[in-house]
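Some notes on the structure that comes next.
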Amino acid sequence: MKIISFLGFNTYKETTYISPLGNAQWKTPFFQEALVKFYQPKSLYVLLTNTVETAIPKGASESNWNALQKRLQGKVELQPISNIPEQNRPEDIWFIFQKVTECLEDGDEVIFDITHSFRSVPIVALIAVSYIRVVRQVKIKGLLYGAFEARNPETDETPTFDLLPIVSLLEWTTATDQFLKTGNAETLANLLHSSNPETENLAESIKGIAQGLHLLRPMDVLRESAILPERIKEAIPIISQSVPPFATLIERVEKDYGSFGLSNPEDYENTNNAKISLLKQLKIIEWYAEKEQIIQALSLAREWLPSLLCYHFKIDPQVHKPNREEMDRLLTGGKNKEGKESCYREEFNKLENKKTTQLRRLWNTLANLRNDALHAGFRKNPKKATEIIKETQKIIEELKAIAKAWDLTDEEN
């Protein structure tokens, strides 16, 4: 265990510090001494400006640094970090950040004491905590503040506050933002898994949505998104106890992913349900494009067109042969390579010419673009990445126009 602390130039008054858990106390003018008593660390690193290290505060007989050394002699391995700048320039802040991170090695357990830090140092400490957690895999055991201004004047007891939940909020915020922006839910799901057994359901739903999006499983996404609001409702009271702003954070998740929800996405006997399923899938295609997950957008868009025809002919789009195979045949002209006509060709030809022409034209464009993307550019005259992105956006607009032309506008369950 290591403690990283800051020593100031004030004339410190003796008080009885109470540990964060309230199970220990120690009377001293220096909070660092109380921390050594509470946690028994191997090392205590103290960041010192030249003034704190050498100058004598008003009414004292020696510098605070000399006084602290005497009180802690033989109790802990004391490590001074000297020449900490006293100004607040950007380069000074980065210097402090470097000095803080240099105190730590991979796998260390550390407590940060920001009681006597100055100017922007508490912010530096917060950034350093987030940084070393990721880069050094350091375990942060506390972000402590000895609140002398909150002491009880009658008992002269001073509480100690652990501000680590603020760092926890940064973790939750970063994890939620990652899920919203990319669909990667690993970090958020891990936080939910480790938070409380009662949040396991929400973790599984979020993980299910993420995996469904990643592996192009729209039915999984629709199904898991349908139960997301209820599972969020279950988890909010639990997580908000330790992370009060969690409710606001998770509302963003519900807003962005809850719109995908459909309880029975494969119930194609219900015509309205089949229609809603197509509309939800179109939303997922748009989501892919917005996140620049173009391969997924093109792949699902390619499957959306035969699914639309399955909806029109009232057949199950989950069945490849003969259902989807027949729809593919219609979109490519109505015959297979052997010249065999689709059994739906006559009915298909009775549709409004504008509708069928639009479908076949988009099918050809989409097939070529998807193949270009999936072949990783290893074909004659491959399109540039920027072209693929632009053309994907055009395809999505055409899909939306097709949905409107086929009266796919009612999203009511």
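We did not get these values from a lab; they are worked out from the coordinates using the rules stated. The shown structure was predicted, so the numbers you read here are calculated from the model rather than taken from an experiment. Every residue, glycine among them, receives a Cβ derived from its backbone with ideal geometry; neighbour counts consider all protein chains shown.
Quick rundown of the values:
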quantity: Potential lengthening between LYS383 and ARG217 on full extension [0.36 nm per residue; Cα-Cα distance subtracted]; calculated: 57.1 nm
quantity: Unit charges at the beta carbon, dipole of the chain: most positive-side option, ALA147, GLY183, ASN66; calculated: GLY183
quantity: 10 °C / 1.306 mPa s Stokes-Einstein diffusion coefficient of the range 170-260, Kirkwood radius on C-alpha pairs, µm²/s; calculated: 125
quantity: Which labelled figure in (1) 33; (2) 40; (3) 57 is percent of Cα pairs over 31 Å apart, once derived from the coordinates; calculated: (3)
quantity: Segment CYS343-ILE123, length gained on full extension (0.36 nm per residue, minus Cα span); calculated: 72.2 nm
quantity: Gained length - ASN66 relative to LYS233, 0.36 nm times residue gap less alpha-carbon distance; calculated: 54.6 nm
quantity: Antiparallel bridges, percent of DSSP beta bridges restricted to the range 85-224 (to nearest 5); calculated: 45
quantity: Approximate spin-label separation GLN79-ASP106, in nm, with each point projected 7 Å along Cα-to-Cβ; calculated: 1.7
quantity: Residue-wise HN-Hα coupling along the range 74-80, computed from phi with Karplus coefficients 6.51, -1.76, 1.60 (Hz; x: Gly, Pro); calculated: x, 9, 7, 6, 8, 10, x
quantity: Cα-based shape type of the range 266-317, given that a ≥ b ≥ c are square roots of the gyration tensor eigenvalues and the cut on a/c is 1.5; calculated: prolate
quantity: Reach of LYS384 by Cα under 26 Å, taken over lysines that are not fewer than 8 positions away in the same chain; calculated: LYS181, LYS283, LYS291, LYS394, LYS400
quantity: Residue among ALA147, ALA385, ALA376 with the largest mean-square fluctuation in a Gaussian network model of the chain, springs linking Cα atoms under 10 Å; calculated: ALA376
quantity: Residue order, fewest to most beta carbons within 10 Å, for CYS343, CYS310, CYS103; calculated: CYS343, CYS103, CYS310
quantity: Between helix 200-214 and the chain: long-axis angle, C-alpha atoms, 0 to 90°, nearest 10; calculated: 50
quantity: Computed [θ] at 222 nm, deg cm²/dmol, the chain (DSSP H ≥ 4; -39,500 (n - 2.57); rounded to nearest 500); calculated: -17500 deg cm²/dmol
quantity: Residues TYR39, TYR17, sorted so that the one with the fewest Cβ neighbours within 10 Å comes first; calculated: TYR39, TYR17
quantity: Those lysines that a straight Cα-Cα span of less than 20 Å connects to LYS99, excepting residues fewer than 8 apart in one chain; calculated: LYS2, LYS42, LYS139, LYS141
quantity: Residue (of ILE206, PHE112, SER82) at the positive-pole extreme of the chain, dipole from beta-carbon charges; calculated: ILE206
quantity: Amide H partners (placed H, <5 Å) of ILE81, local residues excluded; calculated: VAL46, LEU47, LEU48
quantity: Magnitude of the charge dipole, the range 271-405, Cβ model with Lys/Arg +1 and Asp/Glu -1, debye to 20; calculated: 200
quantity: Gaussian network model of the chain, Cα within-10 Å springs - most flexible of ILE236, ILE166, ILE56; calculated: ILE56
quantity: Projected label distance in nm at GLU269 and LYS181, using a 7 Å step from Cα toward the beta-carbon; calculated: 4.6
quantity: FRET efficiency, ASN196 to THR54 (Cβ-Cβ, R0 56 Å, nearest 0.05); calculated: 0.65
quantity: Paramagnetic reach from VAL135 in the range 88-114 [backbone N under 20 Å; point 7 Å along Cα→Cβ]; calculated: 89-113
quantity: Where labels lie 7 Å past Cα in the beta-carbon direction, separation of ASP92 and HIS375 in nm; calculated: 6.2
